Amino acid sequence: MVLERDGIRHVLEGARHSLFIRDVVDGIEDHPAREPRAMGHTESADLATDVETLAATDWVPFRELMPTSGIFTMLAHARLTAVDREMPASFSAPVISGLLRGEWKHDGVLVTDDFSMGAAYSSPGGLAAAGVSALNAGVDLILISYDPDLFYPVMDALIRAEADGRLQKALLERSDRRLAAASPVNQGYAAVRP
């Protein structure tokens, strides 16, 4: 099923107002206009559409809605091959730092898709490298939900990376600011860092 731009915008806005967790948009993964071979649940998927086509079609409603205050955007584990042939979008520096944070100037909260999925734990370097790459690319939250035991190797890798100076402090500080601004209470927020 393919939705046109207005249909996608309507679906995203409806989801945004009806989700239990306020203002979460999970559209980049589940956008139906492009059908990669898999969506990263058990293996990496490739989205081979060129950037010009995506910018003129698929990305339009996301670029319009993402700047809305309070929006959290979930990044899929599919590889956006026109931007980065190697890494899934959820921890790709060219996608996150280059496209979203750089070209689009997006300063909202970015969350990875579930790191329990094969595209994350089967990536080069495994979960450890994926977690470090995600934070160093500009992701704010790493989701680990299906297999909570995977929290420990990811957190261990992040603690070691911070101790070794492999996490970019400036990016972590910007992430802290974004998360504090997104907090429903917007007070008493204490950043939990590895």
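The values are calculated or read from the model by the stated rules, or taken from the named source; none is laboratory data. On a predicted model such as this, the values are computed, not experimentally measured, just so you know. These area figures cover heavy atoms from the full protein model, side chains too; ligands, DNA and RNA do not enter into them. Shrake-Rupley method; radii C 1.70, N 1.55, O 1.52, S 1.80 Å.
Three principal axis extents describe the C-alpha atoms of region 40-151; from largest down they are 38, 30, 21 Å. Inverting the pair-averaged 1/r between distinct Cα atoms of region 137-181 gives 11.7 Å as its Kirkwood hydrodynamic radius.
Surface composition of region 102-174: carbon and sulfur atoms hold 55% of the protein heavy-atom accessible area at a 1.4 Å probe.
Heavy-atom accessible surface of region 49-93, averaged per residue, reaches 39 Å², computed with a 1.4 Å probe.
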